[in-house]
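One structure is given here, and the rest of the page talks about it.
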Amino acid sequence: MITVSNVTKFYSDFKALDDVSLVIPDGSLTALLGPSGSGKTSLLRVIAGLEEPDAGTVVISGQDVTHVRPQGRNIGFVFQHYAAFKHMTVRDNVAFGLTIRKKPKAQIDARVDELLGIVGLAGYHDRYPNQLSGGQRQRMALARALAVDPKVLLLDEPFGALDAKVREELRAWLRRLHDEVHVTTVLVTHDQEEAMDVAGHIVVMNAGRIEQVGTPREVYENPQTEFVLRFLGPVATLRGRLVRPHDLVLSRLPAPGSVAGKVNRVTHLGFEVRVEVRTHDDELVTAQLTRGEAWHLGIEAGDEVHITAESSPRRPGAGAVDPIAAR
Ligand SMILES: Nc1ncnc2c1ncn2[C@@H]1O[C@H](COP(=O)(O)OP(=O)(O)OP(=O)(O)O)[C@@H](O)[C@H]1O
(Lines give C-alpha, C1' and ligand atoms only; values in the text may rest on other atoms or scores of the structure.)
Protein backbone atom coordinates (compact mmCIF):
# COMPACT_ATOMS: atom_id res chain seq x y z
CA MET A 1 0.00 0.00 0.00
CA ILE A 2 1.17 3.52 -0.77
CA THR A 3 -0.09 6.21 1.59
CA VAL A 4 0.43 9.83 0.63
CA SER A 5 -0.56 12.19 3.45
CA ASN A 6 -1.00 15.94 3.20
CA VAL A 7 1.69 16.36 0.56
CA THR A 8 2.43 19.89 -0.61
CA LYS A 9 5.08 20.65 -3.22
CA PHE A 10 6.29 24.07 -4.31
CA TYR A 11 8.50 24.96 -7.27
CA SER A 12 9.78 28.37 -6.10
CA ASP A 13 6.52 30.05 -5.12
CA PHE A 14 4.30 27.93 -7.40
CA LYS A 15 2.27 25.33 -5.54
CA ALA A 16 2.24 22.22 -7.78
CA LEU A 17 0.70 19.93 -5.12
CA ASP A 18 -1.69 21.31 -2.55
CA ASP A 19 -2.26 19.16 0.53
CA VAL A 20 -2.70 15.90 -1.39
CA SER A 21 -3.72 12.74 0.50
CA LEU A 22 -4.21 9.40 -1.23
CA VAL A 23 -4.18 5.69 -0.47
CA ILE A 24 -3.15 3.30 -3.26
CA PRO A 25 -4.07 -0.31 -2.38
CA ASP A 26 -1.62 -3.17 -2.81
CA GLY A 27 -1.81 -4.86 -6.18
CA SER A 28 -3.99 -2.15 -7.74
CA LEU A 29 -3.51 -0.46 -11.09
CA THR A 30 -4.16 3.21 -10.42
CA ALA A 31 -4.20 6.02 -12.98
CA LEU A 32 -3.38 9.61 -12.06
CA LEU A 33 -5.56 11.48 -14.56
CA GLY A 34 -5.80 15.20 -15.15
CA PRO A 35 -5.07 17.99 -17.60
CA SER A 36 -1.58 19.25 -18.31
CA GLY A 37 -0.11 21.00 -15.28
CA SER A 38 -2.52 19.44 -12.77
CA GLY A 39 0.35 17.89 -10.78
CA LYS A 40 0.23 14.23 -11.89
CA THR A 41 3.93 13.95 -12.68
CA SER A 42 4.85 15.87 -9.52
CA LEU A 43 2.86 13.42 -7.41
CA LEU A 44 4.45 10.44 -9.17
CA ARG A 45 7.91 11.93 -8.64
CA VAL A 46 7.19 12.50 -4.96
CA ILE A 47 6.14 8.83 -4.65
CA ALA A 48 9.31 7.83 -6.52
CA GLY A 49 11.55 10.00 -4.35
CA LEU A 50 12.71 12.12 -7.29
CA GLU A 51 11.15 15.16 -5.59
CA GLU A 52 11.00 15.81 -1.89
CA PRO A 53 7.70 17.29 -0.70
CA ASP A 54 7.70 20.56 1.24
CA ALA A 55 5.15 19.10 3.62
CA GLY A 56 3.52 15.72 4.16
CA THR A 57 4.67 12.11 4.08
CA VAL A 58 4.89 9.10 1.76
CA VAL A 59 4.63 5.63 3.24
CA ILE A 60 5.24 2.54 1.09
CA SER A 61 4.41 -0.88 2.59
CA GLY A 62 4.44 0.52 6.11
CA GLN A 63 7.80 2.28 5.76
CA ASP A 64 7.98 6.07 5.88
CA VAL A 65 10.07 6.79 2.78
CA THR A 66 9.55 10.57 2.65
CA HIS A 67 13.28 11.16 3.03
CA VAL A 68 14.52 7.92 1.46
CA ARG A 69 16.36 8.11 -1.89
CA PRO A 70 14.65 6.52 -4.95
CA GLN A 71 17.15 3.61 -4.91
CA GLY A 72 16.05 2.71 -1.40
CA ARG A 73 12.32 2.54 -2.18
CA ASN A 74 12.13 -0.71 -4.14
CA ILE A 75 10.28 0.83 -7.07
CA GLY A 76 10.50 0.41 -10.84
CA PHE A 77 9.97 3.25 -13.29
CA VAL A 78 9.10 3.76 -16.91
CA PHE A 79 8.97 7.20 -18.50
CA GLN A 80 7.52 8.40 -21.80
CA HIS A 81 10.91 8.91 -23.39
CA TYR A 82 12.60 5.94 -21.94
CA ALA A 83 16.38 6.18 -22.05
CA ALA A 84 17.63 2.70 -22.91
CA PHE A 85 21.33 1.98 -22.80
CA LYS A 86 21.90 2.18 -26.54
CA HIS A 87 25.20 0.31 -26.52
CA MET A 88 23.71 -2.64 -24.62
CA THR A 89 21.63 -5.50 -25.99
CA VAL A 90 18.06 -6.08 -24.90
CA ARG A 91 19.33 -8.81 -22.61
CA ASP A 92 21.84 -6.52 -20.92
CA ASN A 93 19.33 -3.70 -20.60
CA VAL A 94 16.82 -5.97 -18.88
CA ALA A 95 19.52 -7.58 -16.75
CA PHE A 96 20.98 -4.25 -15.68
CA GLY A 97 19.47 -4.01 -12.19
CA LEU A 98 20.36 -7.62 -11.44
CA THR A 99 23.90 -7.28 -12.77
CA ILE A 100 24.69 -4.29 -10.55
CA ARG A 101 23.30 -6.29 -7.64
CA LYS A 102 25.85 -8.97 -8.57
CA LYS A 103 23.33 -11.81 -8.94
CA PRO A 104 24.65 -15.14 -10.26
CA LYS A 105 24.70 -15.37 -14.07
CA ALA A 106 22.41 -18.41 -14.26
CA GLN A 107 19.80 -16.64 -12.14
CA ILE A 108 20.03 -13.49 -14.28
CA ASP A 109 19.66 -15.49 -17.51
CA ALA A 110 16.61 -17.31 -16.20
CA ARG A 111 14.98 -14.08 -15.02
CA VAL A 112 15.68 -12.27 -18.31
CA ASP A 113 14.19 -15.18 -20.28
CA GLU A 114 11.12 -15.14 -18.08
CA LEU A 115 10.64 -11.36 -18.36
CA LEU A 116 11.20 -11.23 -22.12
CA GLY A 117 8.55 -13.93 -22.37
CA ILE A 118 6.12 -11.95 -20.24
CA VAL A 119 6.58 -8.74 -22.26
CA GLY A 120 6.37 -10.57 -25.57
CA LEU A 121 10.01 -10.14 -26.58
CA ALA A 122 11.17 -13.74 -26.35
CA GLY A 123 14.09 -14.24 -28.71
CA TYR A 124 14.99 -10.54 -28.87
CA HIS A 125 17.93 -10.93 -26.45
CA ASP A 126 20.67 -9.91 -28.88
CA ARG A 127 19.00 -6.93 -30.50
CA TYR A 128 20.01 -3.39 -29.69
CA PRO A 129 17.40 -0.78 -28.68
CA ASN A 130 17.60 0.94 -32.08
CA GLN A 131 16.56 -2.35 -33.70
CA LEU A 132 13.24 -2.31 -31.83
CA SER A 133 9.98 -0.46 -32.58
CA GLY A 134 8.79 2.21 -30.13
CA GLY A 135 6.27 -0.16 -28.58
CA GLN A 136 8.87 -2.92 -28.24
CA ARG A 137 11.26 -0.46 -26.56
CA GLN A 138 8.61 0.48 -24.00
CA ARG A 139 7.98 -3.21 -23.30
CA MET A 140 11.70 -3.72 -22.84
CA ALA A 141 11.62 -0.78 -20.40
CA LEU A 142 8.85 -2.48 -18.46
CA ALA A 143 10.81 -5.73 -18.36
CA ARG A 144 13.82 -3.82 -17.06
CA ALA A 145 11.73 -2.09 -14.38
CA LEU A 146 10.22 -5.42 -13.31
CA ALA A 147 13.53 -7.31 -13.23
CA VAL A 148 14.36 -6.43 -9.65
CA ASP A 149 10.90 -7.39 -8.32
CA PRO A 150 9.84 -3.90 -7.30
CA LYS A 151 7.03 -3.45 -4.79
CA VAL A 152 5.74 -0.58 -6.87
CA LEU A 153 5.81 0.17 -10.60
CA LEU A 154 5.56 3.85 -11.60
CA LEU A 155 4.71 4.70 -15.20
CA ASP A 156 4.75 8.29 -16.49
CA GLU A 157 2.86 8.44 -19.80
CA PRO A 158 4.71 5.28 -20.86
CA PHE A 159 2.88 5.07 -24.19
CA GLY A 160 2.61 8.81 -24.76
CA ALA A 161 4.97 9.01 -27.69
CA LEU A 162 3.46 6.12 -29.64
CA ASP A 163 0.76 6.14 -32.29
CA ALA A 164 -2.85 5.45 -31.36
CA LYS A 165 -3.00 1.84 -32.50
CA VAL A 166 0.21 0.80 -30.73
CA ARG A 167 -0.94 2.63 -27.59
CA GLU A 168 -4.14 0.65 -27.59
CA GLU A 169 -2.28 -2.64 -27.98
CA LEU A 170 0.11 -1.76 -25.18
CA ARG A 171 -2.75 -0.80 -22.87
CA ALA A 172 -4.40 -4.19 -23.35
CA TRP A 173 -1.04 -5.79 -22.86
CA LEU A 174 -0.35 -3.79 -19.65
CA ARG A 175 -3.69 -4.89 -18.24
CA ARG A 176 -2.85 -8.53 -18.90
CA LEU A 177 0.63 -8.08 -17.49
CA HIS A 178 -0.82 -6.56 -14.34
CA ASP A 179 -3.26 -9.45 -14.00
CA GLU A 180 -0.26 -11.76 -14.15
CA VAL A 181 2.26 -10.06 -11.89
CA HIS A 182 -0.01 -7.97 -9.61
CA VAL A 183 2.61 -5.40 -8.80
CA THR A 184 1.11 -2.19 -7.38
CA THR A 185 1.17 0.10 -10.41
CA VAL A 186 0.66 3.85 -10.71
CA LEU A 187 0.26 5.27 -14.22
CA VAL A 188 0.20 8.95 -15.16
CA THR A 189 -1.97 9.89 -18.12
CA HIS A 190 -3.85 12.91 -19.39
CA ASP A 191 -5.98 10.67 -21.62
CA GLN A 192 -9.30 9.83 -19.97
CA GLU A 193 -9.97 6.94 -22.33
CA GLU A 194 -6.61 5.40 -21.49
CA ALA A 195 -7.29 5.73 -17.76
CA MET A 196 -10.80 4.27 -18.05
CA ASP A 197 -9.56 1.44 -20.24
CA VAL A 198 -6.56 0.31 -18.26
CA ALA A 199 -6.97 1.26 -14.60
CA GLY A 200 -8.97 -0.24 -11.75
CA HIS A 201 -8.82 3.05 -9.82
CA ILE A 202 -8.71 6.56 -11.16
CA VAL A 203 -7.42 9.59 -9.28
CA VAL A 204 -8.70 12.73 -11.01
CA MET A 205 -6.40 15.72 -10.43
CA ASN A 206 -6.91 19.39 -11.06
CA ALA A 207 -4.68 22.34 -10.13
CA GLY A 208 -2.54 20.41 -7.66
CA ARG A 209 -5.46 18.83 -5.84
CA ILE A 210 -7.37 15.56 -6.02
CA GLU A 211 -10.92 16.05 -7.26
CA GLN A 212 -12.11 12.45 -6.91
CA VAL A 213 -10.88 8.90 -6.50
CA GLY A 214 -12.90 5.92 -7.67
CA THR A 215 -13.31 3.09 -10.11
CA PRO A 216 -13.72 4.12 -13.77
CA ARG A 217 -17.47 3.57 -13.42
CA GLU A 218 -17.77 5.60 -10.23
CA VAL A 219 -15.94 8.63 -11.54
CA TYR A 220 -17.79 8.51 -14.85
CA GLU A 221 -21.27 7.81 -13.51
CA ASN A 222 -21.12 9.61 -10.18
CA PRO A 223 -18.80 12.56 -10.68
CA GLN A 224 -18.53 14.51 -7.45
CA THR A 225 -17.57 17.79 -9.06
CA GLU A 226 -18.32 19.62 -12.28
CA PHE A 227 -14.65 19.37 -13.17
CA VAL A 228 -14.76 15.55 -13.05
CA LEU A 229 -17.98 15.45 -15.06
CA ARG A 230 -16.51 17.66 -17.78
CA PHE A 231 -13.08 16.03 -17.82
CA LEU A 232 -14.34 12.46 -18.19
CA GLY A 233 -16.58 12.91 -21.19
CA PRO A 234 -18.82 15.16 -23.24
CA VAL A 235 -21.55 17.12 -21.46
CA ALA A 236 -24.72 18.81 -22.64
CA THR A 237 -26.75 21.44 -20.79
CA LEU A 238 -30.51 21.03 -20.45
CA ARG A 239 -32.31 23.79 -18.49
CA GLY A 240 -29.00 24.63 -16.84
CA ARG A 241 -28.45 21.02 -15.74
CA LEU A 242 -25.30 19.23 -16.93
CA VAL A 243 -25.85 15.76 -18.37
CA ARG A 244 -24.07 13.29 -20.60
CA PRO A 245 -25.34 13.47 -24.20
CA HIS A 246 -26.15 9.74 -24.12
CA ASP A 247 -28.40 10.31 -21.09
CA LEU A 248 -30.72 12.49 -23.15
CA VAL A 249 -33.81 10.70 -24.38
CA LEU A 250 -35.79 12.02 -27.33
CA SER A 251 -39.46 11.33 -27.90
CA ARG A 252 -42.20 12.44 -30.25
CA LEU A 253 -44.63 13.06 -27.39
CA PRO A 254 -44.10 15.13 -24.25
CA ALA A 255 -43.05 13.20 -21.14
CA PRO A 256 -42.95 14.32 -17.48
CA GLY A 257 -40.30 17.02 -17.19
CA SER A 258 -39.47 17.01 -20.88
CA VAL A 259 -38.30 20.07 -22.79
CA ALA A 260 -39.70 20.76 -26.26
CA GLY A 261 -37.60 21.80 -29.22
CA LYS A 262 -36.93 21.49 -32.92
CA VAL A 263 -34.30 19.24 -34.50
CA ASN A 264 -31.60 21.37 -36.05
CA ARG A 265 -29.32 18.74 -37.46
CA VAL A 266 -28.84 14.97 -37.44
CA THR A 267 -25.29 13.61 -37.85
CA HIS A 268 -24.70 9.91 -38.53
CA LEU A 269 -21.37 8.69 -37.16
CA GLY A 270 -21.67 4.95 -37.70
CA PHE A 271 -23.05 3.41 -34.51
CA GLU A 272 -23.67 6.81 -32.97
CA VAL A 273 -26.13 9.42 -34.16
CA ARG A 274 -25.92 12.99 -32.88
CA VAL A 275 -29.08 15.00 -32.83
CA GLU A 276 -28.79 18.73 -32.30
CA VAL A 277 -31.98 20.28 -30.97
CA ARG A 278 -32.81 23.93 -30.42
CA THR A 279 -35.21 24.06 -27.48
CA HIS A 280 -38.05 26.57 -27.35
CA ASP A 281 -36.06 28.31 -24.54
CA ASP A 282 -33.36 28.75 -27.22
CA GLU A 283 -30.85 26.33 -25.74
CA LEU A 284 -28.79 24.28 -28.19
CA VAL A 285 -28.66 20.66 -26.95
CA THR A 286 -26.88 17.73 -28.59
CA ALA A 287 -28.21 14.28 -27.76
CA GLN A 288 -26.30 11.11 -28.54
CA LEU A 289 -28.43 8.21 -29.77
CA THR A 290 -27.58 4.76 -31.03
CA ARG A 291 -28.25 4.06 -34.69
CA GLY A 292 -31.13 1.82 -33.64
CA GLU A 293 -32.76 4.45 -31.45
CA ALA A 294 -32.47 7.07 -34.17
CA TRP A 295 -33.91 4.71 -36.76
CA HIS A 296 -36.78 3.83 -34.42
CA LEU A 297 -37.64 7.50 -33.91
CA GLY A 298 -37.17 8.26 -37.61
CA ILE A 299 -36.03 11.74 -36.71
CA GLU A 300 -35.09 14.40 -39.27
CA ALA A 301 -34.08 18.03 -39.23
CA GLY A 302 -37.11 20.27 -38.67
CA ASP A 303 -39.03 17.72 -36.54
CA GLU A 304 -40.56 18.64 -33.17
CA VAL A 305 -39.14 16.54 -30.32
CA HIS A 306 -39.24 16.36 -26.54
CA ILE A 307 -36.07 15.86 -24.54
CA THR A 308 -35.79 14.20 -21.14
CA ALA A 309 -32.61 13.78 -19.13
CA GLU A 310 -32.00 10.40 -17.60
CA SER A 311 -29.13 9.72 -15.22
CA SER A 312 -27.52 6.43 -16.10
CA PRO A 313 -26.95 4.97 -12.61
CA ARG A 314 -30.67 5.12 -12.00
CA ARG A 315 -31.60 3.54 -15.28
CA PRO A 316 -33.57 0.32 -14.67
CA GLY A 317 -31.27 -2.65 -14.48
CA ALA A 318 -28.11 -0.60 -14.07
CA GLY A 319 -28.58 -0.31 -10.31
CA ALA A 320 -26.54 1.83 -8.01
CA VAL A 321 -22.81 1.70 -8.55
CA ASP A 322 -21.19 -0.64 -6.11
CA PRO A 323 -17.64 0.61 -5.46
CA ILE A 324 -16.40 -2.91 -4.77
CA ALA A 325 -18.19 -4.83 -7.47
CA ALA A 326 -17.45 -2.27 -10.18
CA ARG A 327 -14.35 -3.59 -11.93
N1 LIG B 1 10.91 21.59 -11.94
C2 LIG B 1 9.91 22.46 -12.00
N3 LIG B 1 10.11 23.79 -11.77
C4 LIG B 1 9.10 24.67 -11.82
N5 LIG B 1 7.80 24.35 -12.08
C6 LIG B 1 7.54 23.06 -12.32
C7 LIG B 1 8.56 22.05 -12.30
N8 LIG B 1 7.98 20.87 -12.57
C9 LIG B 1 6.67 21.12 -12.76
N10 LIG B 1 6.39 22.42 -12.61
C11 LIG B 1 5.06 23.06 -12.69
O12 LIG B 1 4.21 22.41 -11.78
C13 LIG B 1 2.91 22.20 -12.35
C14 LIG B 1 2.55 20.73 -12.29
O15 LIG B 1 3.44 20.01 -13.15
P16 LIG B 1 3.31 18.46 -13.39
O17 LIG B 1 4.39 18.08 -14.34
O18 LIG B 1 3.24 17.78 -12.10
O19 LIG B 1 1.90 18.40 -14.09
P20 LIG B 1 1.25 17.25 -14.96
O21 LIG B 1 -0.14 17.15 -14.50
O22 LIG B 1 2.09 16.04 -14.90
O23 LIG B 1 1.29 17.88 -16.39
P24 LIG B 1 1.70 17.22 -17.83
O25 LIG B 1 0.58 16.30 -18.19
O26 LIG B 1 1.80 18.41 -18.72
O27 LIG B 1 3.01 16.52 -17.61
C28 LIG B 1 2.99 22.76 -13.76
O29 LIG B 1 2.40 24.04 -13.77
C30 LIG B 1 4.46 22.84 -14.06
O31 LIG B 1 4.74 23.92 -14.91
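The values are calculated or read from the model by the stated rules, or taken from the named source; none is laboratory data. None of these values were measured; they are calculated from a predicted model. Here the Cβ is made from the backbone with ideal geometry for all residues, glycine too, and neighbour counts use every protein chain on show. Areas reflect the complete protein model, heavy atoms only, side chains present, ligands, DNA and RNA absent. Shrake-Rupley method; radii C 1.70, N 1.55, O 1.52, S 1.80 Å.
Taking the range 248-260, which residues are closer than 30 Å to residue 213 by Cα and open to solvent by 50 Å² or more (accessible area, probe 1.4 Å)?
249
Do we find that residue 87 is more than 25 Å from residue 162 (Cα to Cα) and outside any helix (DSSP H, G or I) in this structure?
No: the conditions fail for residue 87.
Could you check residue 245 against (1) in contact (Cβ under 8 Å) with a residue 12 or more places away in the chain; (2) open to solvent by 40 Å² or more (accessible area, probe 1.4 Å) and say which number it fails?
Among (1) in contact (Cβ under 8 Å) with a residue 12 or more places away in the chain; (2) open to solvent by 40 Å² or more (accessible area, probe 1.4 Å), residue 245 violates only (2).
Could you list, in sequence order, the residues of the range 209-227 that are within 16 Å of the ligand (Cβ to nearest atom) and either of a type in the set (Lys, Arg) or in contact with a Phe, Trp or Tyr (Cβ under 9 Å, 6 or more places away or on another chain) (or both)?
Result: 209, 211, 212.
Give the range 136-168 a look and list any residue that's in contact with a Phe, Trp or Tyr (Cβ under 8 Å, 6 or more places away or on another chain), within 16 Å of the ligand (Cβ to nearest atom) and open to solvent by 10 Å² or more (accessible area, probe 1.4 Å), or say none.
156, 157, 167 - these are the residues of the range 136-168 that are in contact with a Phe, Trp or Tyr (Cβ under 8 Å, 6 or more places away or on another chain), within 16 Å of the ligand (Cβ to nearest atom) and open to solvent by 10 Å² or more (accessible area, probe 1.4 Å).
Scan the range 73-84 residue by residue and report those that are part of a loop (DSSP other than H, G, I, E, B) and not basic (Lys, Arg).
Listed by number, the residues that qualify are 74, 80, 81, 82, 83, 84.
Would you check which residues across the range 26-72 are part of a loop (DSSP other than H, G, I, E, B) and within 23 Å of residue 206 (Cβ to Cβ) and list them?
Scanning the range 26-72 gives 28, 34, 35, 36, 37, 38, 39, 50, 51, 53, 54.
Return the residue satisfying two criteria in turn: it lies in the range 261-275 and is open to solvent by less than 50 Å² (accessible area, probe 1.4 Å) and modelled with pLDDT of 95 or more, and of such residues it is farthest from the chain's Cα centre (by Cα).
Checking each candidate, the answer is 261.
Of everything in the range 218-242 that's part of a loop (DSSP other than H, G, I, E, B) and hydrophobic (A, V, I, L, M, F, W, C), which residue is farthest from residue 281 (Cα to Cα)?
Only one residue tops the list, namely 232.
Do you know which residues across the range 90-116 are open to solvent by less than 40 Å² (accessible area, probe 1.4 Å) and within 24 Å of residue 161 (Cα to Cα)?
Those that are open to solvent by less than 40 Å² (accessible area, probe 1.4 Å) and within 24 Å of residue 161 (Cα to Cα): 90, 93, 94, 115, 116.
Just to be sure, is residue 19 in a strand (DSSP E or B), farther than 14 Å from residue 154 by Cβ and touching a Lys or Arg at 6+ places or on another chain (Cβ under 9 Å)?
Yes, satisfied.
Scanning the range 33-48 for residues that are open to solvent by 20 Å² or more (accessible area, probe 1.4 Å) and closer than 24 Å to residue 74 by Cβ, which turns out nearest to the ligand (Cβ to nearest atom)?
Checked the range 33-48; the qualifying residue nearest to the ligand (Cβ to nearest atom) is 41.
Anything in the range 185-217 that is open to solvent by 10 Å² or more (accessible area, probe 1.4 Å) and not in a helix (DSSP H, G or I)? List them, or say none.
Correct list: 190, 191, 200, 201, 206, 207, 209, 210, 211, 212, 213.
Criterion first (more than 16 Å from residue 210 (Cβ to Cβ), open to solvent by less than 20 Å² (accessible area, probe 1.4 Å) and more than 10 Å from the ligand (Cβ to nearest atom)) does residue 29 satisfy it?
So residue 29 passes the test.
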